[in-house]
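A short worksheet on the structure shown next.
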Amino acid sequence: MAQRSGTGGRATDLSSCPAFPSALESNVKYLLAFTLAAACATAAAASTETRIPDAAVRAAEQLRDRAMNDDTAYKLVEGLTTEIGPRLAAGDNDARAREWVIAKFKALGFDKVYTEPVTYPKWVRRHESGSIVAPFPQNLVLTALGHSFATPTGGLTAEVVHFDSLDALKAADPSAIKGRIVYVGARMHRYKDGRDYGIGSPIRTQGPVIAASKGAAAFILRSAGTDATDRIAHTGVTGFADAKANGIPAAALSNPDADQLERILAYGKPVTVKLDLDVGFEGDYTGANVIGEVTGKKHPDQIVDIGGHLDSWDPGTGAIDDAAGVAIAAAAAHLIAQLPQRPDRTIRVIAFANEEAGLYGGKAYAEAHAKEVARHVLGSESDFGAAPVWRFSASVKPEARKAIAQIADVLKPIGVEYAADRSGGGGSDLSQMHAKGMAALSIGQDGTHYFDIHHTSNDTLDKIVPKEIAQNAAVYAVYAYMAAQAEGDFGSAPGAFKNDKDED
């Protein structure tokens, strides 16, 4: 059929152009191929995207509601702190606590309960005291820091030199320090996320090491705590690794005693302090991580890790740090085990050994399981008390973000926000598995008052609110169950998160 051109009124028979039909056909084929390719790409992306089935979401909502009214976690903390009490790593109660948890894990109905050995230096606390000798004699409330070295028999007396910060100590001339007792007086303040522990903890761990390297006779600090008026000292570990370190005696003052020391220093007269610390290392000790599992019915070799650390410092009974964490994780797994069917993946609860003196349990666990990191689909440890969980964040592959959002939707009604712009470190001990490549969450409790009692004699059961610890168990039960039921993975692989920013 002749076609009329719009130019010059001249008719042109386009069909006479031999290239036209083949060009049109080529364009149509190209367009069709492009459309199909795009559809395939979309389908491929969808097929690699991790999601949680609707049935699992509904089951998680029911699990959440049941957990919110369950007292398993509170009863576990009550039992551990009452029947065992303080659990200093390698101390008298270490083995008793381990056997207690083994028995409880079995009683909770876990399919498998076992231990993995953890070896570390044994440190003991026998006696501690301190006083201001001059110019105004008076006793000090203090506690020896973990891995502190002992004073000579009868004590050590020396003049105090005061620094406002760790940086000031680092910059100090050794001649101003040699033979003296270094005191660092930086103060922590209360925040919901506990951020000021980033000030107190480095002073406690690094300060004694720096002071020793500059010839100090001993080290004391204002306690790494936020209680401004309680005359209670906060212990915690130093940076001395073992008996071979170039160690010195190290202790923490209660906040009111630190205030008193600073008032006396302000008089401008030499201030002399006596320390008498009978503490130190006694060789090595082999404890264990205690592990309980709810075995997955579909992928038993794929693991969701949850836990807390079993050890505590010895002044209190370790209720918030960290009997609560062990109890929260165990209660969550117990609630999942009570469902009509086992989860698709295995839920593993770890009660870690000796977190307090250097993450020994977490490091041992990571080394033992490093070659199987891809099978540890997601992990998080509870080690920040038992106040309500208010926020969580995640380090997962991009294709798993929608699954994390599904978890967030189930947790939102119980007051938990999803901080999508933050990474997740896994918590204290499980940070070591995250460093190997395990996908991880950071689940944050309200830490406003956590450092008021952290590492003190005030860490006792009365600080645990039953309804609040139940909410914690609900959060862990929801996350662990939904991760176990997810279709697809969360990105665990060797080295997968090596560039993560630690935001625990």
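The values are calculated or read from the model by the stated rules, or taken from the named source; none is laboratory data. None of the values given here were measured: they were computed from a predicted structure. Neighbour counts run over all protein chains shown; Cβ positions are idealised from the backbone, glycine included.
Every condition in (1) crowded, with 18+ Cβ neighbours inside 10 Å; (2) outside the structural domain of residue 470 (by TED's automatic domain parsing); (3) more than 30 Å from residue 265 (Cβ to Cβ) is met by residue 117 except one, and the failing one is (1).
Among the residues of segment 462-504, just one is of a type in the set (Asp, Glu), part of a helix (DSSP H, G or I) and in contact with a strand residue (DSSP E or B) (Cβ under 9 Å, 6 or more places away or on another chain), namely 468.
The residue that is farthest from the chain's Cα centre (by Cα), counting only those in segment 123-177 that are acidic (Asp, Glu) and farther than 20 Å from residue 279 by Cβ, is 159.
Considering the conditions (1) outside any strand (DSSP E or B); (2) acidic (Asp, Glu); (3) touching a Ser or Thr at 6+ places or on another chain (Cβ under 7 Å), residue 159 is excluded by exactly one of them, (1).
Look through 217, 212, 150 and report the one residue that is buried (at least 17 other Cβ atoms within 10 Å of the Cβ) and closer than 23 Å to residue 457 by Cα. After ruling out the rest, the residue left standing is 150. Of the residues that make up segment 50-57, is at least one among the hydrophobic types (A, V, I, L, M, F, W, C), modelled with pLDDT of 95 or more and under 25 Å from the mean Cα position of the chain (by Cα)? No: zero hits. All told, residue 374 falls short of being among the aliphatic types (A, V, I, L, M) and farther than 15 Å from residue 491 by Cα. All of 69, 93, 27 fail the test of being loosely packed, with under 11 Cβ neighbours inside 10 Å and modelled with pLDDT of 95 or more, apart from 69. Pairing residues of segment 480-494 that are more than 19 Å from residue 331 (Cα to Cα) and touching a residue at least 60 places away in the same chain (Cβ under 8 Å) with residues that are basic (Lys, Arg) and not in a loop (DSSP other than H, G, I, E, B), at Cβ distances under 8 Å and at least 6 apart in sequence or on separate chains, gives 486/51; 487/51; 488/51; 492/375; 494/436.
Right, residue 220: within 22 Å of residue 280 (Cα to Cα), modelled with pLDDT of 95 or more, touching a Lys or Arg at 6+ places or on another chain (Cβ under 9 Å) and not in a loop (DSSP other than H, G, I, E, B) or not? Judged against the criteria, residue 220 is not a match.
Would you confirm whether or not segment 367-384 contains a residue that is out of contact with any strand residue (DSSP E or B) (no Cβ under 6 Å at 6 or more places or on another chain), crowded, with 19+ Cβ neighbours inside 10 Å, aliphatic (A, V, I, L, M) and assigned by TED's automatic domain parsing to the domain that holds residue 66? Within segment 367-384 (the criterion being out of contact with any strand residue (DSSP E or B) (no Cβ under 6 Å at 6 or more places or on another chain), crowded, with 19+ Cβ neighbours inside 10 Å, aliphatic (A, V, I, L, M) and assigned by TED's automatic domain parsing to the domain that holds residue 66), the answer is yes, since at least one residue qualifies.
Screening the candidates 394, 353, 364 for the property of being small (Gly, Ala, Ser), buried (at least 23 other Cβ atoms within 10 Å of the Cβ), touching a helix residue (DSSP H, G or I) at 6+ places or on another chain (Cβ under 7 Å) and closer than 27 Å to residue 112 by Cα yields one hit, 353. For segment 230-253, the candidate set comprises residues that are more than 24 Å from the chain's Cα centre (by Cα), within 17 Å of residue 181 (Cβ to Cβ) and small (Gly, Ala, Ser); within that set, the residue that is surrounded by the most Cβ atoms within 10 Å (Cβ to Cβ) is 250. For segment 92-105, a tally of residues being out of contact with any Phe, Trp or Tyr (no Cβ under 9 Å at 6 or more places or on another chain) and either assigned by TED's automatic domain parsing to the domain that holds residue 237 or touching a residue at least 60 places away in the same chain (Cβ under 8 Å) (or both) returns 6.
Among the candidates 429, 421, 459, 383, the residue that is farther than 19 Å from residue 307 by Cα, in contact (Cβ under 8 Å) with a residue 60 or more places away in the chain and part of a loop (DSSP other than H, G, I, E, B) is uniquely 459.
To keep it simple, each residue is scored yes or no on (1) crowded, with 22+ Cβ neighbours inside 10 Å; (2) in contact with a Pro (Cβ under 6 Å, 6 or more places away or on another chain); (3) not basic (Lys, Arg).
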position	(1), (2), (3)
269	no, yes, no
282	no, no, yes
286	no, yes, yes
301	no, no, yes
311	yes, no, yes
315	no, no, yes
320	yes, no, yes
